[in-house]
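Enquirer: Below: one structure in structure tokens.
The values are calculated or read from the model by the stated rules, or taken from the named source; none is laboratory data. Bear in mind the structure is a predicted one, so any value in this text is a computation, not a measurement. For accessibility, only protein heavy atoms count, side chains too; no ligands or nucleic acids. Shrake-Rupley method; radii C 1.70, N 1.55, O 1.52, S 1.80 Å.
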Amino acid sequence: MSYSELSVEERATIQIGHAQGFSLRGIACLINRSPSTISRELRRNRDACGAVSYTHLRAHETRG
């Protein structure tokens, strides 16, 4: 199994889907990724209080 990094476009779709209240599975379906990938991406980009304040540009800058 190979891994490919999320693109800026995929992260933007995650941001929009999350803001619109889509489920993890719903967002994953939109970008053809695993729901666990979406979960990890949102969890990785929580703020200091633990709230998900996901923005695709900030997530793309801090990837790694």
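Enquirer: Tell me the accessible surface of Leu57 in square angstrom (1.4 angstrom probe, heavy atoms of protein chains only), to the nearest ten.
Expert: Estimated to the nearest 10 Å², Leu57 gives 100 Å².
Enquirer: If you don't mind, another one. Order Ile31, Ile16, Ile38, most accessible first, counting only protein heavy atoms with a 1.4 angstrom probe. Intermediate results must be reported in sequence, preceding the final value.
Expert: Numbers: Ile31 25, Ile16 95, Ile38 0 Å².
The residues order as Ile16, Ile31, Ile38, largest area first.
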